[in-house]
1. Can you spot a residue in the stretch B:324-338 that is more than 10 Å from chain A (Cβ to nearest Cβ) and out of contact with any helix residue (DSSP H, G or I) (no Cβ under 9 Å at 6 or more places or on another chain)?
2. Where residues in the stretch A:191-203 are open to solvent by 30 Å² or more (accessible area, probe 1.4 Å) and within 14 Å of another protein chain (Cβ to nearest Cβ), which of them is nearest to residue A:271 (Cα to Cα)?
3. Could you please find all residues in the stretch B:413-462 being away from chain A (no Cβ under 14 Å) and out of contact with any helix residue (DSSP H, G or I) (no Cβ under 6 Å at 6 or more places or on another chain)?
4. Looking at (1) open to solvent by 10 Å² or more (accessible area, probe 1.4 Å); (2) aliphatic (A, V, I, L, M); (3) more than 30 Å from residue A:531 (Cα to Cα), find the lone condition where residue A:612 falls short.
5. Among the residues of the stretch B:667-681, which ones are within 7 Å of chain A (Cβ to nearest Cβ) and at pLDDT 85 or above?
6. For the stretch B:169-190, give me the residue count where each residue is of a type outside the set (S, T, N, Q), in contact (Cβ under 8 Å) with a residue 60 or more places away in the chain and within 12 Å of another protein chain (Cβ to nearest Cβ).
7. Here is a list of conditions, (1) modelled with pLDDT of 95 or more; (2) over 26 Å from residue B:434 (Cα atoms); (3) within 11 Å of chain A (Cβ to nearest Cβ), and residue B:616 meets all of them except one; can you say which number that is?
8. Of the numbered conditions (1) of a type in the set (D, E, K, R); (2) over 23 Å from residue B:360 (Cβ atoms); (3) at pLDDT 95 or above; (4) open to solvent by 10 Å² or more (accessible area, probe 1.4 Å), residue A:387 satisfies every one except a single condition; which is it?
Protein chains: 2
Amino acid sequence: MAPNTERRIASVKSHLESKKLERTQPMQTPSPTESLAAERANPSFPIRELTYYLDGGEEDTKMNEKFMFELERDPLWRMDDHYNLTLPQVRERTLAKLRNVLHCLANESPEVFHKRLVLMGLVDPAFYTRLGVHSGLFFGTIQGQATPAQFEYWVKKGAMALNGITGCFAMTELGHGSNVAGLETTATFDEATDEFIIHTPTVTATKWWIGGAAHTATHTTAFAQLIVKGKNYGVKPFVVQLRDPNTFNLLPGINIGDIGKKMGRDGIDNGWIQFTYVRIPRQNMLMKFAQVTRTGEVIQPPLAQLAYGALIGGRVTMIRDSANYAKKALTIALRYAAVRRQFSSNPKQPETKILDYVIHQNRLLPLLAESIAVNFTSMEVLKLYNELMHKLQNSRPDQDLTETIELLKETHATTAGLKAFCTWNCLNAIEQCRQACGGHGYSGYTGLASMYSDFAVQCTWEGDNTILTLQTGRSLISNYLNIKRGRNVSKGFHYLKKAEQLSTLRCPGDDVASIANLETISEAWSVVAANAVKTSAEIYEAAKAKGISKDAALENCAVERLHAARMHSYGYIFNKFADAVRQAPESIRPVLTNLCLLYGLNTIKENAGEFLGCQYFTAAHLSIIREQVNHLCLVIRQDAIPLVDSFNYSDYIINSPLGRYDGNIYEAYFNLVKANNPQEPVPYFESVIRPILTANYSQTEIPDLEIDQE
Amino acid sequence: MAPNTERRIASVKSHLESKKLERTQPMQTPSPTESLAAERANPSFPIRELTYYLDGGEEDTKMNEKFMFELERDPLWRMDDHYNLTLPQVRERTLAKLRNVLHCLANESPEVFHKRLVLMGLVDPAFYTRLGVHSGLFFGTIQGQATPAQFEYWVKKGAMALNGITGCFAMTELGHGSNVAGLETTATFDEATDEFIIHTPTVTATKWWIGGAAHTATHTTAFAQLIVKGKNYGVKPFVVQLRDPNTFNLLPGINIGDIGKKMGRDGIDNGWIQFTYVRIPRQNMLMKFAQVTRTGEVIQPPLAQLAYGALIGGRVTMIRDSANYAKKALTIALRYAAVRRQFSSNPKQPETKILDYVIHQNRLLPLLAESIAVNFTSMEVLKLYNELMHKLQNSRPDQDLTETIELLKETHATTAGLKAFCTWNCLNAIEQCRQACGGHGYSGYTGLASMYSDFAVQCTWEGDNTILTLQTGRSLISNYLNIKRGRNVSKGFHYLKKAEQLSTLRCPGDDVASIANLETISEAWSVVAANAVKTSAEIYEAAKAKGISKDAALENCAVERLHAARMHSYGYIFNKFADAVRQAPESIRPVLTNLCLLYGLNTIKENAGEFLGCQYFTAAHLSIIREQVNHLCLVIRQDAIPLVDSFNYSDYIINSPLGRYDGNIYEAYFNLVKANNPQEPVPYFESVIRPILTANYSQTEIPDLEIDQE
């Protein structure tokens, strides 16, 4: 018999007793709004305190609230009628929003504007992408790779505030995405005219997926193979004008098309670009790193990797997005679950809220814990990133940059794996929330289907998740081997030393208290992650010992390397969550502790084989862990609605009748849908419906044939 | 050192040696078509034989080929231009196809027509749904629940062949989906006029998601609470006319609207229906089971569950769909992977096919094995279902139906869990294939994004996956307890007897041969599944022993019950696959054996904790299993393209440039996308783009104030 039957039964019994009461005094089903209000009667923690802590402080919360208020009232940001817009309508709206936000872009500090943008992105991811393509990618490239004079020139031209210049970022091609070094577009120096000739030599060299290119960009930063005097110097960035800003006609040699139908983010006009011998002045090559002189001398930078620090920013953003989108999805699914009733054991009783089913709790509440874990993780990663950016911006190529390069490597390794891990998990959370809304989850009005389609691209862009995870795995192997060789490694990798003590590390006790605590879980994950890294490093070293190349040896351990990076990410996120719990104000520490335990124990449950394999936990421990997951779900269920309330997203941001704060889901949903008045009869009535109604294919006339008549 | 390093290195070395060759004699990258052709040079098995075996025989293959040919040439079935159609255009096409298929519906045998329909569904799932709503649900209800006289009446009226009647199926409501017994719509008998009054008493009683209702149905089978003389007799089916077939105007008391934007399947017009005191003749209640006489006497059937046998058909179909959609998705992802090249260790060498990366093999090839496993499983389940249908159709309520009811229960339990398990896995396979196509997977033209959106509903409709899985779990507990009590159970549950020998059952040996064979894997899964069932049954019994109700006790073990059903499904599918391997023609048995081993070992790897927990496998065994998964991926990779070729889907069915048979992916993709000629400038140029180009928000004029001038 499972150890926890007593408690389970007690919970079910109290449920039944409240029903007995109802039987003697037949009770009406509470209305949807009453059902949701009841959830807020007795939260175990001060909701507002948690909001502040999740947002990073009271000031941030209040700023978010100001932004939400402004967005909700802005007629350009209307979101309740977007279900049946045509593609040009959607794109017009995106651009109208862009036009209007320029005022803020020009007048707010980058930090404040960024916070505004985060909320805008939660409402309209395509808008966020369109602005991000200009600011983050196009202008970000100029910022990161231009010389001071070039930078000044382009800012004066309007490249920062979109005054006369709207940019796009032409890196990927039809035939090349992840392998940037393999791009086929060429930039050939013509010394005679002091120009570069930008050219697309093949179909696969066509720039592809270029956001903003199809209809709305005047300029692009194009990445192309620098060819000088017949020699290829690798891929460099060039500013290329695409259109005349007055007429918007394409310039000579530029051919552009719309990339067409895609999974989501319809608001952004992704396009393809072909350059046919397009001439640009030499000065349009961004020369902070590599340089080409008037006479065609090429000066390559000593530390080319510094050029790519800026790419990390996008990944940091996506870790934060993973938390936010999951929080939004969970607000919808959990509020719905606290209102939706289905089945009861007695027809005289109200049906049971689906949130009261243990299976529904087990489906959603670990995801709730995960969203909070990623929330705290993203705040820590942002700190790491800001530190790096500060170092990079204050560095000059002539300095000793060893330390900066080390920090760059660590930040890259950390953010690469986490970007992949968190976006995959968030995509899963969105889909789980969608399915948890049953049939209504398939409706566009619920908001989760489009959230899935919009979010899915995060698993691929700015670094394919699989490739990024492998890169983190590679860094883990290298850190592990450094430790073995007695070298120094960053603090985040110190746990790898545990790999040497694997045979002795065991769970400190067999009772619930010894297992379900933050220190044990942290140690457990570090043991499992260290073991996974050790395994992949051993395969790598065995392969290398046979004399094959480093690349081949890494390929040799790819499966184990991917696995190691995943295990590392579990531990990393758990530790960031546990740190946040320890530093939390006392009033919210108990609820956060339960959430952190749920996150940790559930991840252990889902990877049970790892822990049994390392013998850190026994099968009996795992039984206790499974029971604890059930138990914590029951406990956290009581706070489920206060918890999503603490995420503090307004109904406007949620934009789903199922996720309304007041719980009046059915009326709101019906009223929205009712606006779809059917045209009766529909335009295709005469062409296809009437013929069906009058069709009669079963009687085929066949002429009589004399020979048959005998 | 991992045991398999030698083999791994050998594989990498041969790879390198072929590259050395290239280095001495610099080699051009093979073209896409050459790349794919090379994959077909040396298949290890006769492709055609496997096609026959997967399809169920040569005759079926040839019939499929005939259907594919017909579809491809039919102008109504054009699919290469559907990317930018408006909603009314999409729906008009659906109906045009429907109109055209009536000829076949009327003249072909149901078996042949059904096979045609399966292929049509792979091309256009929304069309399949629209016809399915009429034939399977509307007419299926009449077929299953009408008396002979009623059946004859509705067939004469045209309900079978859509002559003047197009039907929809009004079961779910805004407030009720899974709990059909809780529907709120009422059918009140009015003895005075011999009519039923169909009524929607509340907003939540609005019929919701009714496919075909919005614009195209004349009639519906509505499910409503039968109320006679003030007493409620539960939910029964009624035929209700919605529209005048001549004018298509709504009849009095009928209010209908379009359900609006949804995740996928735009071609079908889902609607909502409200009935306001709609009167229908008493004869429109379908009375094969419950009956209401002229004087308001209600005769309830002795075996109401027989009425729902027909619902199982949908689930059987969805298991087959799960195989077919996964096969289609894998054809796209694997052909792309054999053409797409990215990265190489030496710039002088062609880049590596992404299919040659072990991580890509590990991502896609277990899914390939799974799709084949489900293919064979669906064939077996269909046999079981046909047997049941035969029994049901030949049964009369006055017979002893114990045996039929037993078969119904078994078929329900089997198909419920498998429907859930297979649709979840297929949805995952589609998404994995989509992501495996990198950025291009996000394009609508790849076909995988819409496949995901269209398929996702299968996890919810005709039985929410979670609820169905719980039902299978319930049946497993009941069978387990029956075994413990010495009662007879169906053969499919005999393995549960193993639960009593768990402490002694161990893997028969420690070498690869003992582990990686069909019998061991089968036993391993039966041990794990039996253990999971035993655990949930023990929690259930412990709860019941405390005196709580059966329902409450089942709720008590819900998490473990869900888990048990999942473990059962793994074992079930593996066994069906292994049976198919054993019975396969000798020529294809080796390749199928490898696939079956990969399927089995990979599922063990992914659930390692279960096997370690039962002590069937040790950690050392699991190392061997992980190595074998890698090894089998390497072996099967050689046949990857011949294997998807054996699925035998024509380019028309695949409908994705990335999945073309000839491999000419880039040109085909570019040509398709190129058809999206951008309108230059776009319609919203003057309204939003030009204002952006000329905007200048940074200089705000501020009037001078005298007091500031001192």
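1. Checked the stretch B:324-338: no residue is more than 10 Å from chain A (Cβ to nearest Cβ) and out of contact with any helix residue (DSSP H, G or I) (no Cβ under 9 Å at 6 or more places or on another chain).
2. Here the answer is A:203.
3. B:414, the sole residue that qualifies.
4. Result: residue A:612 fails condition (3) only.
5. Residues satisfying the conditions are B:667, B:670, B:673, B:674.
6. From the stretch B:169-190, those of a type outside the set (S, T, N, Q) are B:169-171, B:173-177, B:180-184, B:187, B:189-190; that's our starting set.
From what is left, the residues that are in contact (Cβ under 8 Å) with a residue 60 or more places away in the chain are B:170, B:174, B:177, B:187, B:189-190.
The next check asks that each one be within 12 Å of another protein chain (Cβ to nearest Cβ); those that pass are B:174, B:177.
Residues flagged as of a type outside the set (S, T, N, Q), in contact (Cβ under 8 Å) with a residue 60 or more places away in the chain and within 12 Å of another protein chain (Cβ to nearest Cβ) within the stretch B:169-190 amount to 2.
7. It fails just one condition, (3).
8. Residue A:387 satisfies every listed condition except (3).
The values are calculated or read from the model by the stated rules, or taken from the named source; none is laboratory data. The shown structure was predicted, so the numbers you read here are calculated from the model rather than taken from an experiment. Here the Cβ is made from the backbone with ideal geometry for all residues, glycine too, and neighbour counts use every protein chain on show. Protein only, heavy atoms only, side chains kept; ligands, DNA and RNA dropped before computing areas. Shrake-Rupley method; radii C 1.70, N 1.55, O 1.52, S 1.80 Å.
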